[in-house]
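Data first, discussion second: the structure below is written as structure tokens.
The values are calculated or read from the model by the stated rules, or taken from the named source; none is laboratory data. All of these numbers come straight from a predicted model, not from anything done at the bench. In this analysis, Cβ positions are derived from the backbone assuming ideal geometry, glycine residues included, and neighbour counts consider all displayed protein chains.
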Amino acid sequence: MTEQDVKKYISGLYDLSTIPVLLANIVRTCSNPKATPYDVYNLISTDPALGARVLRVANSVFYGRSGEIKNLYQAIMFLGFERIKSLALGMTVQNSLSSRSSNIMTNLWIHSYEVAYCASILSPYFPQTVSGDCFLAGLLHDIGRIVFFEMSSAKFSKIETTESLLEQEMAEFGCTHTMAGAWLIESLGMPVELLTPITYHHRPALDATSGNVVAAVALAEALTFTFKARPEDDGIWTEELYAVLQQFALTDKTLNRVGEQLKAARPEIESMFSSQ
């Protein structure tokens, strides 16, 4: 398989060729400083699946509000526009690319959500980052691996999550999942700010433009791998990550706190994907 095969596959995803009208309106509205919660509510309430996901997330253990958020409007007020935008974008890609029902696909999405969760927690420790941006970048950071799995589960299964992961991907697919992910995001017309975290989350030292989002996502992925790795997790620790810890003065106490929060959130995250 070659790079051109992957690009051809991505270009052939006709249902991903444009962002759906509803999603485009949600992103546009959430990005409008004059928009009100009612504006967002009027959009989301037309999509029962998205509304149910928003309400479920608002009541999740992540926010300590289990059962307290009674309706969609309250959920929108509680979560805020940036998190709503992240959920809408993430759900669109997830629903479009999850054509296979398998443990591997489910675990790939659980992994991505865990990285998103940890990246959002880490955001305050990384200057020039916003929690919502880190969450969305974490949610979609491995979208290229999902493309690979959809293309050929046999080839995908040959790749071991070791330090040579990217080299193995080059041998099997002619490109890395970071490259494939960036091509997909471009084809979707999604925010260009996502390109850098997706491209460099395995090599954060090469990034100089993302305002530290890459470093937050890279560290979040490594932490999810450290605290409890699944076979599909690919957050390998490297020397670059030790440099990130030193650069941002992140202590073992801080990392352990993130680990405890992830441990508490894991059952909730897993339940969100249990029906796939």
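Just checking, which of LYS263, LYS253 is of a type outside the set (Val, Ile, Thr) and either in contact (Cβ under 8 Å) with a residue 24 or more places away in the chain or touching a strand residue (DSSP E or B) at 6+ places or on another chain (Cβ under 9 Å) (or both)?
LYS263
Under 8 Å between Cβ atoms, which residue pairs at least 6 apart in sequence (or on different chains) link something in the stretch 22-48 that is touching a residue at least 24 places away in the same chain (Cβ under 8 Å) and farther than 10 Å from ALA88 by Cβ with a partner that is among the charged types (D, E, K, R) and loosely packed, with under 12 Cβ neighbours inside 10 Å?
Matching pairs, first to second residue: none at all.
Quick one: count up the residues across the stretch 59-95 that are among the hydrophobic types (A, V, I, L, M, F, W, C), assigned to a loop (DSSP other than H, G, I, E, B) and modelled with pLDDT of 70 or more.
Going through the stretch 59-95 one residue at a time, the tally reaches 1.
Could you give me the residue pairs with C-beta distances under 6 Å whose first residue belongs to the stretch 224-240 and is more than 12 Å from GLY259 (Cα to Cα), whose second residue is hydroxyl-bearing (Ser, Thr, Tyr) and buried (at least 19 other Cβ atoms within 10 Å of the Cβ) wherever it lies, and which are 6+ apart or on separate chains?
Once the first residue is more than 12 Å from GLY259 (Cα to Cα) and sits in the stretch 224-240, its partners that are hydroxyl-bearing (Ser, Thr, Tyr) and buried (at least 19 other Cβ atoms within 10 Å of the Cβ) give GLY235/THR224.
Identify all residues within the stretch 208-240 that are in contact with a Leu (Cβ under 8 Å, 6 or more places away or on another chain) and closer than 14 Å to TYR125 by Cβ; write none if there are none.
Passing the criteria: ALA216, ALA218, LEU219, ALA220, LEU223.
Output the residue which, of all residues in the stretch 221-242 that are among the hydrophobic types (A, V, I, L, M, F, W, C) and in contact with a Phe, Trp or Tyr (Cβ under 8 Å, 6 or more places away or on another chain), is modelled with the highest pLDDT.
Among those residues, the one meeting the criterion is ALA222.
Kindly check whether there is at least one residue in the stretch 208-230 that is farther than 30 Å from ARG56 by Cα, more than 19 Å from the chain's Cα centre (by Cα) and in a helix (DSSP H, G or I).
Checking the stretch 208-230: not a single residue is farther than 30 Å from ARG56 by Cα, more than 19 Å from the chain's Cα centre (by Cα) and in a helix (DSSP H, G or I).
Select from the stretch 173-204 the residues that are crowded, with 17+ Cβ neighbours inside 10 Å and either acidic (Asp, Glu) or outside any helix (DSSP H, G or I) (or both) and write down the one among them that is farthest from the chain's Cα centre (by Cα).
The residue in question is CYS175.
Across the stretch 243-275, which residue is modelled with the highest pLDDT among those that are buried (at least 16 other Cβ atoms within 10 Å of the Cβ) and among the charged types (D, E, K, R)?
ARG266
Go through (1) surrounded by fewer than 21 Cβ atoms within 10 Å (Cβ to Cβ); (2) of a type in the set (A, V, I, L, M); (3) at pLDDT below 85 one by one and return the number of the condition LEU165 breaks.
Answer for LEU165: the failing condition is (3).
Say whether the condition of being touching a helix residue (DSSP H, G or I) at 6+ places or on another chain (Cβ under 6 Å), farther than 13 Å from TYR9 by Cβ, modelled with pLDDT under 95 and of a type outside the set (A, V, I, L, M) is met by at least one residue in the stretch 144-155.
Yes, there is a match, as at least one residue in the stretch 144-155 is touching a helix residue (DSSP H, G or I) at 6+ places or on another chain (Cβ under 6 Å), farther than 13 Å from TYR9 by Cβ, modelled with pLDDT under 95 and of a type outside the set (A, V, I, L, M).
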